[in-house]
Amino acid sequence: MTYLFDDPKTFPADAVAGLVAAHPEELLQVHGGVVRKDATPTGQPALVVGGGSGHYPAFAGWVGPGFAHGAPCGNIFSSPSADQVYSVARNADNGGGVILGFGHYAGDVLHFGVAAEKLRAEGIDVRIVAVSDDVASGEKGDHRDRRGIAGDLPVFKIAGAAIQAGAGLADAERLAWKANDATRSLGVAFDGCTLPGADDALFHVPEGQMAIGLGIHGEPGIDEKPMPSAAELAKILVDGVLEETPELDSTRAAVVLNGLGTVKYEEMFVVWGHVAELLAEAGITVVRPEVGEHVTSLDMAGLSLTVMRLDEELEQHWLAPADTPAFRRGGTVQGDLGTERGEVYTPGEDPIPEASEESRTSAAKVTEILGEVRSLLEELEPELGRMDAIAGDGDHGQGMVLGIRAAHATAQRATEAGAGARTVLVQAGASWSAEAGGTSGALWGAALTSVGSAFSDQEKVTDQQIVTALVQAVEAVERLGGAKPGDKTMVDAAVPFRESLAGAGGAAGEAIAVAADKATTAADSTADIAAHKGRARTHGEKSVGTPDPGAISFSKIVTLLGQQLSA
């Protein structure tokens, strides 16, 4: 249970503000996250690591000399938006380029990738490293397609230390990938975590049982076994991690026993005693182990074990000093630590272009509809979260509400400032993506932006433009998300909707209503298939019997749209 908060929706931002207030000499809060108080030394590569909130010390607690230069902080268990990543990277860069590091999740890949493209367009050299250490989330031959869990710590520590020692951008990227490919992790859970303000955990493990292979976003495990003793658990973790030989086959290793939120230090020390014995028996020499909370999942009851094989190069950087709010490795951090920060990048307010009276009238209707969608999603939030928790992380309802609230508020401000339909939708789309984060945040933000790009600030929106815009919006979602019908995603409902609309004439409201019926049927049918994309793919069979929340929310929204345009 998360006991202390003000507003659950502002919990991540409130936590970041409090962290910076607790470490004013080390951290500076910027739009989207935190950076070091001092500027990155001129010409030094900037390591920017991030992900959803709820994982502290990851990721903001690792910002400091010898480690990261900045951390974008998303909503609970949701990737930071591209806007957040871009802002933190802009504030961290000082001419040496940027490495963007994150766990390998669909939303993070999407948002960090979009931010990277924007940074590159401005002449900043950007490299991307997606950590993929979790052995329970993919086959042996697909290591880089797995998700990232507590392996984030040693991989990013290696990269940060290498940069502090003078490595250039390309060499630091090489070392980060080398560290990732040498790292394997496995986690277990005894009970699920509870989002701030929620009445119950995202999932429960049956009493007397233990879930194996959980994710750090509250995803349930892929197997269950009777609750073990500490010695039995140590053997399960060690055997699971050592089952495959990573790319770097070495007998020396950096090892992390990571607490996920509720299992406390004395318990971890008991387990660690057995882990250390088992690793020694396996011929592994442990180099400076870390036992504690490093990558948490709010209050999840569980542990994970991470083993990174070391050669001389990796070991040097694993042992190097670091000085951050949550990770302090002994010794003095050598090298240039930066200078006093000057100007801070802050996103400016988007301008409002001139618009005709006809387009402003259309913009007012757009804003009204967004308000109705907001009411709909606020009502659906608990049910969407329940569906998402079956095989995902339970945040779909929350993310959709965060997105629509931001989009509606932005649309209201733009409309009051005299914006036309195009500007209202484009700015609303950017706000949805920025505030919601996650894969669905990026996709819905892109969808609104795509619809807006089909309209004009100088003309009234016509029925044919609406139909064409919605078809283009679904095509943008398909292109960006990469999902296909049958993957059990929003696309399962969106594609039948698009196909029904394509070539439709006459009144937009009637055409949308017909297409929405097809989307609803398709969304309901997703209950019969297993997930193949996103976080839920590692628990695909568990999702059978429950429809995809993204498909359901899409079908509900377009049904409402049809009703609003037919009224």
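The values are calculated or read from the model by the stated rules, or taken from the named source; none is laboratory data. Owing to the predicted nature of the structure, the values given are computational and were not obtained by experimental measurement. A quick note on method: Cβ atoms are made from the backbone with ideal geometry, for glycine too, and the neighbour counts reach across all protein chains shown.
Within the stretch 467-482, can you find the residues that are in contact (Cβ under 8 Å) with a residue 40 or more places away in the chain and either on the phi < 0 side of the Ramachandran plot or surrounded by 18 or more Cβ atoms within 10 Å (Cβ to Cβ) (or both)? Result: V467, L470, L480, G481.
When you check A419 against the structure, is it buried (at least 24 other Cβ atoms within 10 Å of the Cβ) and within 30 Å of G197 (Cα to Cα), yes or no? Spelling it out, it is not the case that A419 is buried (at least 24 other Cβ atoms within 10 Å of the Cβ) and within 30 Å of G197 (Cα to Cα). If the requirement is being hydrophobic (A, V, I, L, M, F, W, C), in contact with a helix residue (DSSP H, G or I) (Cβ under 9 Å, 6 or more places away or on another chain) and over 21 Å from E293 (Cα atoms), which of these qualifies: V16, V20, V30? Within the list V16, V20, V30, the selection yields V30. Among the candidates F67, F77, the residue that is surrounded by 19 or more Cβ atoms within 10 Å (Cβ to Cβ), more than 20 Å from the chain's Cα centre (by Cα) and aromatic (F, W, Y) is uniquely F67.
Restrict the check to the stretch 262-271 and report whether at least one residue is over 30 Å from V98 (Cα atoms) and within 21 Å of the chain's Cα centre (by Cα). No, the stretch 262-271 contains no residue that is over 30 Å from V98 (Cα atoms) and within 21 Å of the chain's Cα centre (by Cα). When P246, P228 are checked against the criterion of being closer than 14 Å to R184 by Cα and of a type outside the set (S, T, Y), a single residue qualifies: P246.
Could you check the stretch 374-425 and list, in sequence order, the residues that are free of Cβ contacts under 8 Å to residues at least 60 places away in the same chain and among the β-branched types (V, I, T)? Hits for the stretch 374-425 are I404, T410, T415. One residue alone among K533, K542 is at pLDDT below 95, closer than 18 Å to K484 by Cα and either assigned by TED's automatic domain parsing to the domain that holds M387 or of a type outside the set (K, R) (or both), and that residue is K533.
Rundown of residues vs (1) farther than 17 Å from A436 by Cα; (2) out of contact with any helix residue (DSSP H, G or I) (no Cβ under 6 Å at 6 or more places or on another chain); (3) not aliphatic (A, V, I, L, M), yes/no style:
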site	(1), (2), (3)
H69	yes, no, yes
S81	no, no, yes
N94	yes, yes, yes
L100	yes, no, no
Y105	no, yes, yes
V109	no, yes, no
G113	no, yes, yes
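Annotation: E354 fulfils all but one of (1) assigned to a loop (DSSP other than H, G, I, E, B); (2) within 30 Å of T423 (Cα to Cα); (3) under 27 Å from the mean Cα position of the chain (by Cα); the unmet one is (3). In the stretch 323-331, is there at least one residue being under 29 Å from the mean Cα position of the chain (by Cα), of a type in the set (A, V, I, L, M), within 19 Å of F67 (Cα to Cα) and modelled with pLDDT of 95 or more? So far as the stretch 323-331 goes, yes, one or more of its residues are under 29 Å from the mean Cα position of the chain (by Cα), of a type in the set (A, V, I, L, M), within 19 Å of F67 (Cα to Cα) and modelled with pLDDT of 95 or more. Is it true that some residue in the stretch 488-505 is within 21 Å of L384 (Cβ to Cβ), modelled with pLDDT of 95 or more, crowded, with 17+ Cβ neighbours inside 10 Å and basic (K, R)? No; the residues of the stretch 488-505 include none that is within 21 Å of L384 (Cβ to Cβ), modelled with pLDDT of 95 or more, crowded, with 17+ Cβ neighbours inside 10 Å and basic (K, R).
Do we have any residue at all in the stretch 9-17 that's within 16 Å of the chain's Cα centre (by Cα), in a strand (DSSP E or B) and not β-branched (V, I, T)? No, the stretch 9-17 contains no residue that is within 16 Å of the chain's Cα centre (by Cα), in a strand (DSSP E or B) and not β-branched (V, I, T). Note on the stretch 225-266: residues that are small (G, A, S), under 15 Å from I212 (Cα atoms) and in a loop (DSSP other than H, G, I, E, B) amount to 1. With respect to being crowded, with 24+ Cβ neighbours inside 10 Å and in contact with an Asp or Glu (Cβ under 7 Å, 6 or more places away or on another chain), R127 falls outside the description.
Residue count for the stretch 1-17 under the criterion of being free of Cβ contacts under 8 Å to residues at least 40 places away in the same chain and of a type in the set (F, W, Y): the result is 1. Within the stretch 337-380, restricting attention to residues that are surrounded by 14 or more Cβ atoms within 10 Å (Cβ to Cβ) and at pLDDT below 95, the residue that is nearest to Q563 (Cα to Cα) is I352.
Only one of these is within 19 Å of the chain's Cα centre (by Cα) and not in a helix (DSSP H, G or I): G403, G394. Name it. On inspection, the qualifying residue turns out to be G394.
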